[in-house]
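Some notes on the structure that comes next.
The values are calculated or read from the model by the stated rules, or taken from the named source; none is laboratory data. Predicted model only: the values in this text are computed from it and were never measured. So basically every Cβ, Gly included, is an ideal-geometry build from the backbone, and we count neighbours across all protein chains shown. These accessible areas exclude ligands, DNA and RNA; they are computed on the full protein's heavy atoms, side chains included. Shrake-Rupley method; radii C 1.70, N 1.55, O 1.52, S 1.80 Å.
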There are 2 protein chains.
Amino acid sequence: MSLIVHKYGGTSMGSIERIQNVARRVAKWHAAGHQVVVVPSAMSGETNRLLGLAKELSPNPDGRELDMLAATGEQASSALLAMALQAQGVSARSYTGWQVPVRTDSAYTKARIRSIEDARIRADLDAGRVVIVTGFQGIDEQGHITTLGRGGSDTSAVAVAAALKAQECLIFTDVDGVYTTDPRVVPEARRMRVMSFEEMLEMASLGSKVLQIRAVEFAGKYRVPVRVLSSLTDPLIPLDEEMTSGTLITFEEDQKMESAVVSGIAFSRDEAKMTLLAVPDTPGVAYSILGPVAAANIDIDMIVQNQSVRGTTDFSFTVNRNDHHRTLELLKNQVAPSVGAQEVVADGEVCKVSIVGIGMRSHVGVASLMFRTLSEEGINIQMISTSEIKTSVVINDKYMELAVRALHKAFGLDQEASAIDEASA
Amino acid sequence: MSLIVHKYGGTSMGSIERIQNVARRVAKWHAAGHQVVVVPSAMSGETNRLLGLAKELSPNPDGRELDMLAATGEQASSALLAMALQAQGVSARSYTGWQVPVRTDSAYTKARIRSIEDARIRADLDAGRVVIVTGFQGIDEQGHITTLGRGGSDTSAVAVAAALKAQECLIFTDVDGVYTTDPRVVPEARRMRVMSFEEMLEMASLGSKVLQIRAVEFAGKYRVPVRVLSSLTDPLIPLDEEMTSGTLITFEEDQKMESAVVSGIAFSRDEAKMTLLAVPDTPGVAYSILGPVAAANIDIDMIVQNQSVRGTTDFSFTVNRNDHHRTLELLKNQVAPSVGAQEVVADGEVCKVSIVGIGMRSHVGVASLMFRTLSEEGINIQMISTSEIKTSVVINDKYMELAVRALHKAFGLDQEASAIDEASA
């Protein structure tokens with residue numbers, strides 16, 4: 001018998017029938033003798049409906065009241081799931097964030113979890129109940145309701161698993177695991193059966209959207225084994241089959257991962273590139289450029305500063321494509337004059353492609369194989385950024401699919417490997 | 001400057017535009033220097049939507065989880081109202097029942113308020129904020145969410161007003177006050193400007209539906225002046241006009257009420273009459289009859305037991321018409337054999353008409369004028385029940401409108417009187 005946390009997304013909770021299916025799946029685990037804590041999202045569409053009402057009232061609603069409003073979505077879905085379990089003869093009880101309590105800071109709409117009490121949940125588990133804890137929300141020191149921001153239910157689930165020292169946190173979603181790359185782009189993409197926490201961190205931040213980046217960070221900090229798996233299977237599939245399905249994100253590096261130098265190819269089209277040409281290269285210039293951008297609440301992704309030539313340098317960075325025009329205005333009207341840049345150029349037709357793999361740490365020549373592959377396809381690289389287990393390039397976005405397919409093949413990701421399953425997509 | 005509690009029903013909160021109108025009205029009171037606490041219901045339709053989802057999951061859902069679910073409706077509408085006020089430049093903050101806290105017993109779906117803390121609300125009022133408190137809900141000793149049952153927001157508002165010793169509790173609704181009788185039946189019906197708590201209690205329990213009976217009881221217990229008034233007027237009507245509109249329910253009997261012997265005519269068609277004929281009149285027979293009925297959760301309204309003749313008596317009572325057949329079965333199969341009644345007869349085509357007035361206490365002949373009036377219209381009286389300020393009769397329901405109109409005229413309710421306004425219906 002072990003303690004398992006299940007997390008179900010909004011799509012899995014999207015209708016009465018789906019909630020009943022979630023209940024069937026949870027009941028199966030409970031019947032097998034496991035202690036189960038379930039963290040559901042709001043029914044799909046509900047959070048958007050609520051926030052839409054708020055937007056009708058105010059272009060910039062108060063964060064505290066937004067959280068008060070949005071938190072109702074998970075409270076409702078949690079109560080419904082408890083009823084669905086009870087209707088199937090399973091003793092169950094739902095708790096809001098404040099009832100557990102899940103304590104957070106007071107950063108409304110994007111609060112961070114500080115602590116989770118386990119006494120109340122444990123008492124119910126020991127009494128044989130399935131415990132349902134609302135995702136996405138908590139309570140601050142002053143007793144106000146907070147929410148963790150979009151996708152916060154993943155973080156809630158992992159945090160609850162950490163607090164309870166759960167054996168595993170199962171993230172049920174509408175994909176059946178993490179793939180070497182997006183199967184819609186590369187049909188040969190394969191599901192990874194195991195991947196390292198660090199790889200997942202890079203994959204998540206690069207937009208694979210399978211798992212919230214903050215949830216992955218939380219899992220890393222508290223070493224919570226997380227499994228991403230499908231909620232679209234028959235809820236009554238055999239337990240031992242389900243227990244080994246999906247993708248396990250692990251902290252034990254021995255798990256046959258050494259063989260794969262590169263584990264996956266991530267990519268994102270939501271990019272725009274900004275370049276300031278011939279900036280006088282004085283100390284503090286990077287801050288002078290990026291400070292005003294950050295102050296305008298524009299997220300900066302990759303940053304590249306070239307070697308200084310004759311006292312000036314070219315300074316490039318990428319932002320989300322939605323911020324393209326706003327950033328350009330800011331650079332032209334405010335930043336360029338103040339730092340003395342000669343010109344500002346922007347390109348909204350770029351994408352970022354990254355190779356990710358924990359094996360890169362100990363293998364030389366990985367980046368150069370990437371560059372050679374792109375070169376052979378005639379793809380010009382505009383920016384390069386590297387980390388210990390990732391190399392990212394910015395290229396013209398019309399080449400994105402081509403680049404991803406070529407890299408997927410070049411690194412042998414379409415070949416059978418022990419830690420990778422065949423794509424079922 | 002005084003402390004005023006406003007309560008708005010689901011219809012008043014039914015859309016973004018209506019919430020904005022509520023905010024305008026509240027802002028007007030706030031701008032005039034009043035401290036305002038607002039208790040809103042859920043947006044109309046929302047509670048039914050949520051309970052509908054629950055019914056899809058289970059024919060008999062768990063009360064605790066039902067309350068967890070239903071309480072989200074008021075939480076959402078309260079947050080929206082706070083946003084609407086803020087968008088109009090008014091500082092506002094919303095609180096759930098558990099945040100105040102509103103403490104209740106653990107009778108889920110029909111909990112009773114035990115106490116309300118005022119510290120948090122007062123601190124916000126003193127800081128110049130409008131405070132919004134979710135209606136309909138509270139928290140029990142174990143920290144579970146409870147709801148007060150249908151119409152519970154009225155009770156919440158009066159209870160909050162009592163806890164804060166508010167000067168007045170304004171119940172904004174879709175009618176502009178309490179009428180001498182239903183204007184749809186008697187076009188000459190007049191709005192009462194003032195009525196006594198006791199009269200309101202009788203009117204509410206008789207189905208005038210303007211105000212929850214439990215709210216009236218609460219108002220009586222804590223002597224909270226309650227005003228029922230319209231939320232359909234222009235939200236910016238002058239404050240002094242609004243302050244004297246509607247119907248004030250008062251505890252001060254001097255308020256010009258002596259002139260009106262009968263204040264109003266209440267009626268209800270939701271009645272079914274049950275009679276056991278020739279019941280052997282032994283001690284405890286009433287309990288033997290009504291005990292099993294109450295045990296089957298059937299609400300009993302009027303009860304009449306005739307003088308015993310030759311050792312047997314006829315025993316009649318009324319129940320809600322929905323319970324007609326269930327009650328009849330119970331009486332025939334279980335009660336009649338056990339008490340030795342000769343026969344059971346039931347009539348589902350009856351109605352109850354009542355005259356209500358605090359002046360009846362000190363005036364003789366009121367009941368006899370009622371009986372004479374009905375007799376002159378050829379209406380047969382089937383049952384009579386009286387209290388200090390009310391006389392009710394059960395008659396054939398085809399005569400209901402005729403009886404109400406005749407009584408309204410006989411007691412002079414269509415005449416100008418100081419405490420009664422002309423009908424605006």
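Can you go through A:V39, A:V22, A:V90 and tell me which one is closer than 20 Å to A:D140 by Cβ and either outside the structural domain of A:S153 (by TED's automatic domain parsing) or among the aliphatic types (A, V, I, L, M) (or both)? Give the derivation first.
Working: A:V22 fails: closer than 20 Å to A:D140 by Cβ; A:V90 fails: closer than 20 Å to A:D140 by Cβ.
Matching residue, one of A:V39, A:V22, A:V90: A:V39.
Being open to solvent by 30 Å² or more (accessible area, probe 1.4 Å) and either under 30 Å from B:G357 (Cβ atoms) or of a type in the set (A, V, I, L, M) (or both), is that true of even one residue in the stretch B:130-147?
Of all residues in the stretch B:130-147, those open to solvent by 30 Å² or more (accessible area, probe 1.4 Å) come to B:141-142.
Subsequent filtering for residues that are either under 30 Å from B:G357 (Cβ atoms) or of a type in the set (A, V, I, L, M) (or both) retains none.
Looking through the stretch B:130-147, none of the residues is open to solvent by 30 Å² or more (accessible area, probe 1.4 Å) and either under 30 Å from B:G357 (Cβ atoms) or of a type in the set (A, V, I, L, M) (or both).
Out of A:A410, A:A403, report the one residue that is at pLDDT 85 or above and touching a strand residue (DSSP E or B) at 6+ places or on another chain (Cβ under 6 Å). Let's see the steps before the verdict.
Details: A:A410 fails: touching a strand residue (DSSP E or B) at 6+ places or on another chain (Cβ under 6 Å).
Just one listed residue meets the conditions, A:A403.
When B:E168 is tested against the conditions (1) acidic (D, E); (2) more than 12 Å from chain A (Cβ to nearest Cβ); (3) over 21 Å from the mean Cα position of the chain (by Cα), the lone failure is (3).
Looking at the structure I just gave you, is B:E241 in contact (Cβ under 8 Å) with a residue 12 or more places away in the chain and closer than 30 Å to B:V194 by Cα? No: the conditions fail for B:E241. Looking only at residues of the stretch A:337-372 that are of a type in the set (D, E, K, R) and within 29 Å of the chain's Cα centre (by Cα), we find that the one that is farthest from A:I265 (Cα to Cα) is A:D347. Each residue in the stretch B:78-91 was checked for being under 13 Å from B:Q20 (Cβ atoms), more than 7 Å from chain A (Cβ to nearest Cβ) and in contact with a strand residue (DSSP E or B) (Cβ under 8 Å, 6 or more places away or on another chain), and 3 pass. I'd like to check something: does the stretch B:117-131 contain any residue that is among the aliphatic types (A, V, I, L, M) and within 23 Å of the chain's Cα centre (by Cα)? Scanning the stretch B:117-131, I find no residue that is among the aliphatic types (A, V, I, L, M) and within 23 Å of the chain's Cα centre (by Cα), so the answer is no. Condition test on B:L69, is it surrounded by fewer than 24 Cβ atoms within 10 Å (Cβ to Cβ), facing chain A (nearest Cβ under 7 Å) and modelled with pLDDT of 95 or more? Taking the combined requirement at face value, the residue does not satisfy it. Taken across the stretch B:24-35, residues that are over 26 Å from the mean Cα position of the chain (by Cα) and facing chain A (nearest Cβ under 7 Å) do not occur at all.
No other residue among A:G177, A:G152 is surrounded by fewer than 24 Cβ atoms within 10 Å (Cβ to Cβ) and closer than 26 Å to A:T247 by Cβ apart from A:G177.
Out of the residues in the stretch B:36-49 that are within 12 Å of chain A (Cβ to nearest Cβ) and part of a loop (DSSP other than H, G, I, E, B), which is least open to solvent (accessible area, probe 1.4 Å)? Break it down stepwise before answering.
Step one: filter the stretch B:36-49 for residues within 12 Å of chain A (Cβ to nearest Cβ), giving B:42-43, B:46-47, B:49.
Going one step further and asking which of them are part of a loop (DSSP other than H, G, I, E, B), we end up with B:42-43.
Working: B:A42: 6, B:M43: 37 Å².
For the stretch B:36-49, the residue satisfying everything is B:A42.
Taken across the stretch A:4-15, residues that are more than 7 Å from every other protein chain (Cβ to nearest Cβ), surrounded by fewer than 22 Cβ atoms within 10 Å (Cβ to Cβ), aromatic (F, W, Y) and over 30 Å from B:S91 (Cβ atoms) do not occur at all. Residues in the stretch A:390-415 that are open to solvent by 10 Å² or more (accessible area, probe 1.4 Å) and part of a loop (DSSP other than H, G, I, E, B): A:F411, A:G412, A:D414, A:Q415. Note on the stretch B:373-389: among residues that are under 28 Å from the mean Cα position of the chain (by Cα) and open to solvent by 80 Å² or more (accessible area, probe 1.4 Å), the one that is nearest to B:F315 (Cα to Cα) is B:T386. Scanning the stretch B:356-370 for residues that are in contact (Cβ under 8 Å) with a residue 12 or more places away in the chain and either in a helix (DSSP H, G or I) or open to solvent by 10 Å² or more (accessible area, probe 1.4 Å) (or both) gives B:I358, B:G359, B:M360, B:R361, B:H363, B:V366, B:A367, B:L369, B:M370.
Which one of A:S115, A:S94, A:S106 is in contact with a helix residue (DSSP H, G or I) (Cβ under 7 Å, 6 or more places away or on another chain), of a type in the set (G, A, S) and in contact (Cβ under 8 Å) with a residue 24 or more places away in the chain? Break it down into steps so the answer makes sense when it comes.
Values: A:S115 fails: in contact with a helix residue (DSSP H, G or I) (Cβ under 7 Å, 6 or more places away or on another chain); A:S106 fails: in contact with a helix residue (DSSP H, G or I) (Cβ under 7 Å, 6 or more places away or on another chain).
Just a single option satisfies the conditions, and that option is A:S94.
Looking only at residues in the stretch A:93-114 that are open to solvent by less than 10 Å² (accessible area, probe 1.4 Å) and modelled with pLDDT of 95 or more, the one that is farthest from the other protein chains (Cβ to nearest Cβ) is A:T104.
Just for the stretch A:195-224: of the residues that are assigned to a loop (DSSP other than H, G, I, E, B) and open to solvent by less than 40 Å² (accessible area, probe 1.4 Å), which one is modelled with the highest pLDDT? Steps first, please.
Applying the first criterion (assigned to a loop (DSSP other than H, G, I, E, B)) to the stretch A:195-224 yields A:209-212, A:223-224.
After this cut, where a residue has to be open to solvent by less than 40 Å² (accessible area, probe 1.4 Å) as well, the list is A:210-211, A:224.
Numbers: A:V210: 77, A:L211: 83, A:V224: 93.
If we take residues in the stretch A:195-224 being assigned to a loop (DSSP other than H, G, I, E, B) and open to solvent by less than 40 Å² (accessible area, probe 1.4 Å), then A:V224 is modelled with the highest pLDDT.
So is B:N60 surrounded by fewer than 23 Cβ atoms within 10 Å (Cβ to Cβ), at pLDDT below 95 and part of a loop (DSSP other than H, G, I, E, B) or not? For B:N60, the condition - surrounded by fewer than 23 Cβ atoms within 10 Å (Cβ to Cβ), at pLDDT below 95 and part of a loop (DSSP other than H, G, I, E, B) - is met.
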